[in-house]
Amino acid sequence: MTTPVAIVSALHEELAAVLALMPDEQQQTIGGRAFWRGHLHGHDVVAVLSGIGKVAAATTATALIERFGVQRIVFTGVAGGLGDGVNVGDVVVAQRFLQHDMDASPIFPRHEVPGYGRSTFEADAVITAQLVRASEQVLRALPSQLGTDVLNAFGLQAPRCHQGLLISGDRFVSTTAESLALREALPEALAVEMESAAFAQVCHDYGVPLAVVRTISDRADDAAHVDFPRFLREVASRYSSAIIDAFLTQR
Ligand code: ADE
């Protein structure tokens, strides 16, 4: 067997859409987590749900690398927008990752990961560029297929693809006060979620390339919980499966 690419989803709906495209997937349970090995557009693939939060993300990444020998990891999910102009329905492709709740000060500078001498980890430039191309292709075509009901319900207009810093922590950010504090501490952060920076640290440890794309589901403020399940179902999971499709079929 060849070395597989990992397709990691944050949401059940996204994983279901990926599995629906795999003709031959076989399930294997490791550490209580279901991994699906099979083929997708001719690629040897392992598909899995990341679990929520940094610990679940780190054990998932480790199992993918140690048990399946994956050579590339692509992660899709949702995130709360922080940067100016990072709006609901936009997409963020990460260039760098940081754990916003890492704080071993005063022993180490705030956000620095002890033992690494750094606070950020990089996305792989090659697969990230491929993911940007796939995302831009999807953003040109998909929004018009979602229907006016969905577009109006979420105020989606001319969605954009952003690239930059993605931050992760073990908290769903759902107050304007917390979002403002994050923006003040980390002005370059485009969006916040709960897993990618943990994946990035594990991928750094093993030298495995990682790329992450996140659909913006909320602005990480007092309105962050509004219609979240509907957004996941009707927008984010459709973006993700279309982006993975475009990513795996591009030449
Ligand atoms: N994922 C999607 N929205 C989020 C938020 N506001 N905080 C953390 N993770 C998220």
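Out of E188, E178, E234, E184, I need the residue that is within 13 Å of the ligand (Cβ to nearest atom) and open to solvent by 10 Å² or more (accessible area, probe 1.4 Å). Which one?
Details: E188 fails: within 13 Å of the ligand (Cβ to nearest atom); E234 fails: within 13 Å of the ligand (Cβ to nearest atom); E184 fails: within 13 Å of the ligand (Cβ to nearest atom).
So the residue among E188, E178, E234, E184 that is within 13 Å of the ligand (Cβ to nearest atom) and open to solvent by 10 Å² or more (accessible area, probe 1.4 Å) is E178.
Here is a list of conditions, (1) modelled with pLDDT of 90 or more; (2) within 13 Å of the ligand (Cβ to nearest atom), and D221 meets all of them except one; can you say which number that is?
For D221, the exception is condition (1).
If you go through the stretch 126-145 one residue at a time, do you hit one that is free of Cβ contacts under 8 Å to residues at least 24 places away in the same chain and either in a loop (DSSP other than H, G, I, E, B) or open to solvent by less than 40 Å² (accessible area, probe 1.4 Å) (or both)?
For the stretch 126-145, residues free of Cβ contacts under 8 Å to residues at least 24 places away in the same chain and either in a loop (DSSP other than H, G, I, E, B) or open to solvent by less than 40 Å² (accessible area, probe 1.4 Å) (or both): absent.
In the stretch 1-48, how many residues are at pLDDT below 95, within 16 Å of the ligand (Cβ to nearest atom) and under 16 Å from G69 (Cα atoms)?
Residues in the stretch 1-48 being at pLDDT below 95, within 16 Å of the ligand (Cβ to nearest atom) and under 16 Å from G69 (Cα atoms): 0 in total.
Scan the stretch 192-231 residue by residue and report those that are without any contact (Cβ under 8 Å) to a residue 24 or more places away in the chain and out of contact with any Asp or Glu (no Cβ under 9 Å at 6 or more places or on another chain). Before you say what the answer is, go through the steps one by one.
Start the filter on the stretch 192-231 by keeping residues that are without any contact (Cβ under 8 Å) to a residue 24 or more places away in the chain, which leaves 205, 207, 223, 226, 228-229.
Within the stretch 192-231, D205, G207, A223, P229 qualify.
Which is open to solvent by 30 Å² or more (accessible area, probe 1.4 Å), farther than 21 Å from V45 by Cα and away from the ligand (no atom under 12 Å from the Cβ), of G207, G155, G164? Show your work before the answer.
Details: G207 fails: farther than 21 Å from V45 by Cα; G164 fails: open to solvent by 30 Å² or more (accessible area, probe 1.4 Å).
Testing whether each residue is open to solvent by 30 Å² or more (accessible area, probe 1.4 Å), farther than 21 Å from V45 by Cα and away from the ligand (no atom under 12 Å from the Cβ) leaves just G155.
Which strands (runs of 3 or more DSSP E) sit wholly inside the stretch 1-120 and have at least 3 residues that are more than 23 Å from D205 (Cβ to Cβ) and in contact (Cβ under 8 Å) with a residue 60 or more places away in the chain? Explain how you work it out, then say what you get.
Numbers: elements: 5-9, 26-30, 33-40, 43-49, 72-81, 91-99.
The strands (runs of 3 or more DSSP E) meeting that bar are 72-81.
So if I check each of E136, E195, which one is away from the ligand (no atom under 14 Å from the Cβ) and closer than 16 Å to T76 by Cβ? Reasoning before the result, please.
Values: E195 fails: away from the ligand (no atom under 14 Å from the Cβ).
Going through E136, E195 in turn, just one is away from the ligand (no atom under 14 Å from the Cβ) and closer than 16 Å to T76 by Cβ: E136.
Out of the stretch 232-251, which residues are more than 17 Å from the chain's Cα centre (by Cα) and in a helix (DSSP H, G or I)?
Taking the stretch 232-251 first, the residues more than 17 Å from the chain's Cα centre (by Cα) are 234, 249-251.
Result: E234, T249.
Going by the structure shown, is V173 closer than 16 Å to L11 by Cα and within 16 Å of the ligand (Cβ to nearest atom)? I'd like the intermediate steps shown before the answer.
On the way: closer than 16 Å to L11 by Cα: no; within 16 Å of the ligand (Cβ to nearest atom): yes.
Here the answer is no, as V173 does not meet what is asked.
Please state which of the following conditions I107 fails to meet, knowing it meets all the rest: (1) surrounded by 19 or more Cβ atoms within 10 Å (Cβ to Cβ); (2) more than 13 Å from the chain's Cα centre (by Cα).
Unmet for I107, out of (1) surrounded by 19 or more Cβ atoms within 10 Å (Cβ to Cβ); (2) more than 13 Å from the chain's Cα centre (by Cα): (1).
Residue check, L151 against (1) free of Cβ contacts under 8 Å to residues at least 40 places away in the same chain; (2) farther than 20 Å from L232 by Cβ, all met but one. Which one?
Among (1) free of Cβ contacts under 8 Å to residues at least 40 places away in the same chain; (2) farther than 20 Å from L232 by Cβ, the lone unmet condition for L151 is (2).
Residue by residue through the stretch 19-45, note down the ones that are open to solvent by less than 60 Å² (accessible area, probe 1.4 Å), closer than 13 Å to I244 by Cα and in contact with a Leu (Cβ under 7 Å, 6 or more places away or on another chain).
M22, L40, H43
The values are calculated or read from the model by the stated rules, or taken from the named source; none is laboratory data. Worth saying up front: this structure is predicted, and the values here are computed from it rather than measured. So basically every Cβ, Gly included, is an ideal-geometry build from the backbone, and we count neighbours across all protein chains shown. SASA here: full protein model, heavy atoms, side chains in, ligands and nucleic acids out. Shrake-Rupley method; radii C 1.70, N 1.55, O 1.52, S 1.80 Å.
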